[in-house]
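Novice: Below you'll find the structure I mean.
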Amino acid sequence: MKTKSWTPINADLIGLDGGAAKLTTPALLLDLEAMRANMRYLASECTRHGMKLRPHAKTHKCAEIAMEQIDSGAAGVCCATPHEVIALASAGVPAIHLTTPVFQPRHFERLAALHGQGLELMVVVDHPDQIASWENALGDAGRPLPVLVDIDIGMGRTGVVSAEAAIELARRLASHRSLRYAGAQGYSGMVQHINDYAERRAVYGRQLDHLQHVLDALRQAGLPPEIVSGGGTGTFGIDVERKVFTESQAGSYIFMDVEYHEVQLFADRSNPYKTSLFLRTSVVNDKVPGQLTINAGFKSFATDGPLAVVHEQFGGRRYELYGDEFGRIVLDSAQAQAGLVGSCVDLVTPHCDPTINLHDCYHVIEGDRVIDIWPIVARGVL
Ligand SMILES: Cc1ncc(COP(=O)(O)O)c(C=O)c1O
């Protein structure tokens, strides 16, 4: 696999016994077995419910993780931005669905070129102008580009709302030689994090009713969708029950961040996923009574939601942001403070997508060894 040519700071520790304890920090740790267990679980649940899995790679932005997902049964991965598609395709990921409509002229050209070079690309549209731009960029490409009509099921961000607008786009797609009308997409973001299952099911249920209405109208218009793509980690339990989608785009299930730990994922309150992503940090000093200063703050963690949580291995103590490069662990009076300077503290990551976007690589951990270092090749520029 082609990835960026660079030498990560911890590269010399790969394969050494006890290497994980020697890492220069802050370092993102990826517990490989935990991540693979999450992948196996969702892949087998999708099979059990007759769905495909097309997991969202915006969560990890890493070609090696995308390939692990494809190897464990995924039909390909999703990307949120053209930049992610270009970075992952250039690193060898063979099948990518872009879940956001394209609007910048150069993106149409670059993505059409990747399609021409053999990438199994799928895209969405929510405006006739995009269909014209795709046509121009693709020219007389031999292999038609599969396209889904993006349906707005309640978020208001992208997608068409009405059945009429969806039919109009599907008709236009079906009439173009270089494009193939492949179905529809309907994704709702905010509902994923409605923590209470019954409340999430009620709100999302109304959105799925609308999607179902648009899909029925497409069928009645002689435009049956072959693919209906959507859903996330938070709605998976509802998606399998409602059977509106032919495939799931879940993303965060591979890591299980702090934000998702607060969500009641299934009606029976079970959480089949293991936390697989941590940030390893180090204690910088203990100069203030009642706190340990560590080397991870705003530049290490997303701050749009709940804070990082100290791993239970360190007594479940509270983490607080303490500046750009620093954080602090708050101790209670009974907790010993001496002798900890220089030792490692692992934290469960808060919102995982924007957190990994701050880091260069994953340190892939098996037991006490770093078995590999994987670049976050699609990080940055969105
Ligand atoms: C279009 C789309 N599909 C799927 C997902 C995956 O959602 P989650 O990470 O909650 O599983 C996202 C995440 O933001 C998304 O934007």
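All of the numbers you see were taken from the coordinates with simple rules; none came from a lab. All of these numbers come straight from a predicted model, not from anything done at the bench. Virtual Cβ from ideal backbone geometry, glycine too; neighbours counted across all protein chains shown.
Novice: Nearest 0.05, what FRET efficiency do E199 and R171 give at R0 = 41 Å with Cβ-Cβ as r?
Specialist: After rounding, the FRET efficiency stands at 0.65.
Novice: For the chain, give me the percentage of DSSP beta bridges that are antiparallel, rounded to the nearest 5 percent.
Specialist: Of those bridges, close to 45 percent are antiparallel.
Novice: So what is the diffusion coefficient of region 33-256 in µm² per second by Stokes-Einstein at 25 °C and 0.890 mPa s, using a Kirkwood Rh over Cα pairs?
Specialist: Once the numbers are plugged in, D ends up at 140 µm²/s.
Novice: Sticking with this one: Tell me, what ³J(HN,Hα) does each residue in region 287-304 have, in order and in whole Hz, if you take phi through Karplus 6.51 cos²θ - 1.76 cosθ + 1.60 with θ = phi - 60° and put x for Gly and Pro?
Specialist: 5, 9, x, x, 8, 10, 8, 10, 8, 8, x, 4, 7, 10, 10, 5, 10, 8
Novice: Taking only Cα atoms, what is the 0 to 90° angle, nearest 10, from helix 32-48's long axis to the longest principal axis of the chain?
Specialist: 30
Novice: Amide H of Q291: which non-local residues (sequence gap of 5 or more, or other chain) have their own amide H closer than 5 Å, using H built in the peptide plane?
Specialist: Amide H to amide H, under 5 Å and 5 or more residues apart or across chains, Q291 pairs with L331.
Novice: Okay, next question. Per residue of region 56-64, what does 6.51 cos²θ - 1.76 cosθ + 1.60 with θ = phi - 60° give for ³J(HN,Hα)? Whole Hz please, x for Gly and Pro, Karplus curve as stated.
Specialist: Result, ordered by residue: 7, 8, 4, 4, 10, 6, 10, 5, 5 Hz.
Novice: A further question follows. Per-residue HN-Hα couplings for region 113-127, Karplus 6.51 cos²θ - 1.76 cosθ + 1.60 at θ = phi - 60°, whole Hz, x for Gly and Pro?
Specialist: 5, 5, 4, x, 7, x, 4, 7, 9, 9, 9, 10, 10, 9, 7
Novice: Tell me the trypsin sites (Lys or Arg not before Pro) within region 234-330 that lie in a loop according to DSSP and have at most 16 other beta-carbon atoms within 10 Å.
Specialist: K243, R269, K274, K287, K299
Novice: Right, another one. Sorted by packing (mean other beta-carbon atoms within 10 Å per residue), highest first, where do 249-256, 94-101 land? It would help to have the intermediate numbers written out before the result.
Specialist: Details: 249-256: 25.6, 94-101: 20.6.
Per-residue mean Cβ counts within 10 Å order the peptides as 249-256, 94-101.
Novice: Within the P(r) computed for region 1-156, what percentage of the Cα pairs occupies the region above 20 Å?
Specialist: Considering region 1-156, 59 percent of its Cα-Cα pairs are separated by more than 20 Å.
Novice: Distance from the Cα centre of region 150-187 to that of region 330-352, in angstrom?
Specialist: 50
Novice: To continue, here is another question. Please compute the alpha carbon radius of gyration of the chain, then divide it by the globular-protein estimate 2.2 N^0.38 Å. Two decimals is fine.
Specialist: 1.05
Novice: Hey, how many Å between the Cα centroid of region 25-72 and the Cα centroid of region 85-138?
Specialist: The two parts, judged by their Cα centres, are 23 Å apart.
Novice: What 222 nm value per residue comes from the helices of the chain, counting each DSSP H run with n ≥ 4 as -39,500 (n - 2.57) and dividing by all residues, nearest 500 deg cm²/dmol?
Specialist: -8500 deg cm²/dmol
Novice: With springs connecting C-alpha atoms under 10 Å apart, model the chain as a Gaussian network and identify which of G118, G230, G73 has the largest mean-square fluctuation.
Specialist: Looking only at G118, G230, G73, the biggest GNM fluctuation is shown by G118.
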